[in-house]
Amino acid sequence: MEPTKNFNTTPGMAGESFDDFKAPLFLAWQINSVCNLGCLHCCEEAGHHIPGEMTRDQIFNFLHQVREMGIPYVAISGGEPLLHPDFFEVAEFIQEAGISLKVETNGEFIDDRTVERFAALDFRSVQISLDGATSATHEVLRLKGNWGKSHAAVRKLVKKGVTTEIVFVPTSFNIHEVGPAIDMAYNLGCYGFYTGKIMRIGRAALNWDKLNPTEEQYKACFKILDEKTKQYKDKMKVYYYPYDVIEELKYRLQKPSASLLVIPNGNTKLIGPLPFICGNVKEQPLGEVWERYKKAWREPRVIEFTKRVIKDPNLLAESNKWQNIFETRSETCSA
Amino acid sequence: MEFKKHVRIRKEKFGMVIFETLKEKVFVTNPTGAEIIERLKDKKTPDTIITELASQYGADAAVIADDVNCFINNLVRQEVLAK
């Protein structure tokens, strides 16, 4: 997320670069790695615990720093965040701190009681992954997934007045259902429908040849998205990000975002598709991690590797082989 | 006038950053814009803000009024501030 408009300013002024901000504007936090599903297109290879996941004390120490730094917007994902034992206490802390909170979940653990708690917490939104308008399409991608549970979760959340969004990742298995999925989101009363090109990282990279839609499929998909955006204008937000991960990296190399991505063990990545970590929120104060993040984007090692990835997208498969940019030894993810 | 529910505001060296978190849009202001926003947060009316800024800067209130009203209208148009 970048500054999109300046008020009462002149072009080129401060506030247009991530360097200008005293703290991140956005925190993407993967609170856990545990997940009940084994999605073919998971960008995190989630499923099991990873070594060194943050303890309860470390989590709340981190959250106090998030509040003190004035980070305005946090998105919690996983793994499956509702499987984290401290999830609701974390959400309450964030809510009481006046921070906007988005929760990204597969929706399978959202029962009536959970919906009541979500409604009381008055989140910015709950984002449910629904990768099809039918159970057959959704479940062929989301192994062990249950479309009916996720669909019911959306219905319950909307009924209770929780701002609910659906996220849909197009693959060769489900891209044909993007139109019906948008209609479904609207009929369920969702606030928004989000999609964009699948990212070639994590488990998705391992299954890339099976998952990646053809250019023709994408072309048809974006045509539908354009039509649906018009159809639901002022009724439901249909948002799609038309660039792939390589285009994103080209852009971020020039203009890193004012955000941090913290993974379950506290490591802070520069960006999902790159293997680089700039610090660990268990080991360094968050303010220091932010400064390290800003510095890391200018490290020759980061710039050179990113340029190599842009030339050879096969290197995206290394995105979870973490390397601490400020240490010589490398750390490999076993997730 | 008040900022909308999902709007978060933070002071920065350069002025102020305004984050409409529902629409995920970020806006920045210079220090003068920050002065207006601080007063809007304190629930001050545009008239009060104009008077205070005119006094603070020793400027013509009519000129200040144009800038303040333009700025506030911008905030409303961008749906971060509700009238």
>> If I go through the range A:275-286 residue by residue, how many of them are within 17 Å of A:Pro256 (Cβ to Cβ) and either touching a Cys at 6+ places or on another chain (Cβ under 9 Å) or exposed (fewer than 15 other Cβ atoms within 10 Å of the Cβ) (or both)?
In response: 1
>> Here is a check on your reading of the model: is A:Val115 more than 20 Å from the chain's Cα centre (by Cα) and either of a type outside the set (Lys, Arg) or within 22 Å of A:Arg155 (Cα to Cα) (or both)?
In response: yes
> If you go through the range B:40-83 one residue at a time, how many are closer than 16 Å to B:Val7 by Cβ, touching a Leu at 6+ places or on another chain (Cβ under 6 Å) and in a helix (DSSP H, G or I)?
Replying inline: 1
>> Quick check on my filter: what residues within the range A:82-102 are in contact with a strand residue (DSSP E or B) (Cβ under 6 Å, 6 or more places away or on another chain) and either within 28 Å of A:Arg142 (Cα to Cα) or free of Cβ contacts under 8 Å to residues at least 12 places away in the same chain (or both)?
In response: A:Leu82, A:Leu83, A:Leu101, A:Lys102
>> Return the residues of the range A:217-251 that are within 14 Å of A:Tyr186 (Cα to Cα) and either assigned to a loop (DSSP other than H, G, I, E, B) or in contact with a strand residue (DSSP E or B) (Cβ under 7 Å, 6 or more places away or on another chain) (or both); say none if nothing qualifies.
In response: A:Leu225, A:Lys228, A:Thr229, A:Tyr232, A:Lys233, A:Asp234, A:Lys235, A:Met236, A:Lys237, A:Val238, A:Tyr239
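Matching residues to (1) surrounded by fewer than 22 Cβ atoms within 10 Å (Cβ to Cβ); (2) away from chain B (no Cβ under 14 Å); (3) more than 21 Å from the chain's Cα centre (by Cα):
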{"position": "A:His49", "(1), (2), (3)": "yes, yes, no"}
{"position": "A:Glu53", "(1), (2), (3)": "yes, yes, no"}
{"position": "A:Arg56", "(1), (2), (3)": "yes, yes, yes"}
{"position": "A:Thr105", "(1), (2), (3)": "no, yes, no"}
{"position": "A:Phe109", "(1), (2), (3)": "yes, yes, no"}
{"position": "A:Ala119", "(1), (2), (3)": "yes, yes, yes"}
> When you go through A:Ala204, A:Ala185, A:Ala181 one by one, which is the residue that is within 20 Å of A:Asn106 (Cα to Cα), in contact with a His (Cβ under 7 Å, 6 or more places away or on another chain) and part of a helix (DSSP H, G or I)?
Replying inline: A:Ala204
> So which residues in the range B:28-58 are under 11 Å from the mean Cα position of the chain (by Cα) and either facing chain A (nearest Cβ under 7 Å) or of a type in the set (A, V, I, L, M) (or both)?
Replying inline: B:Val28, B:Thr29, B:Asn30, B:Thr32, B:Gly33, B:Ala34, B:Ile36, B:Ile37, B:Leu40, B:Ile49
> Just a yes or no: is a residue in the range B:14-29 modelled with pLDDT under 95 and of a type in the set (S, T, N, Q)?
Replying inline: yes
> Counting only residues that are part of a loop (DSSP other than H, G, I, E, B) and more than 18 Å from A:Tyr73 (Cβ to Cβ), how many does the range A:264-283 have?
Replying inline: 9
>> Just to be sure I understand the filter: pairs with C-beta atoms under 7 Å, separated by 6 or more residues or on different chains, first member in the range A:139-153 and free of Cβ contacts under 8 Å to residues at least 12 places away in the same chain, second member crowded, with 17+ Cβ neighbours inside 10 Å. Which pairs pass?
In response: A:Glu139/A:Gly145; A:Glu139/A:Trp147
> Does B:Lys11 fit the bill of being within 14 Å of chain A (Cβ to nearest Cβ), in a loop (DSSP other than H, G, I, E, B) and out of contact with any strand residue (DSSP E or B) (no Cβ under 6 Å at 6 or more places or on another chain)?
Replying inline: no
> So which residues in the range A:149-177 are over 18 Å from A:Gly132 (Cα atoms) and over 19 Å from the mean Cα position of the chain (by Cα), if there are any at all?
Replying inline: A:Lys156, A:Leu157, A:Val158, A:Lys159, A:Lys160, A:Gly161, A:Val162
> Before we move on, is B:Ile36 outside any helix (DSSP H, G or I), of a type in the set (A, V, I, L, M) and in contact (Cβ under 8 Å) with a residue 12 or more places away in the chain?
Replying inline: no
>> Considering only the range A:31-42, I want to know if a residue exists there that is within 30 Å of A:Phe87 (Cβ to Cβ), in contact with a helix residue (DSSP H, G or I) (Cβ under 9 Å, 6 or more places away or on another chain), modelled with pLDDT of 60 or more and within 14 Å of chain B (Cβ to nearest Cβ).
In response: no
> Any residue in the range A:192-200 that is more than 17 Å from A:His138 (Cβ to Cβ), touching a strand residue (DSSP E or B) at 6+ places or on another chain (Cβ under 6 Å) and not in a loop (DSSP other than H, G, I, E, B)?
Replying inline: yes
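The values are calculated or read from the model by the stated rules, or taken from the named source; none is laboratory data. The structure presented is a predicted model; accordingly, all values stated were derived computationally and were not measured. Positions of Cβ are generated from backbone atoms using ideal geometry, with glycine treated the same way; all protein chains shown enter the neighbour counts.
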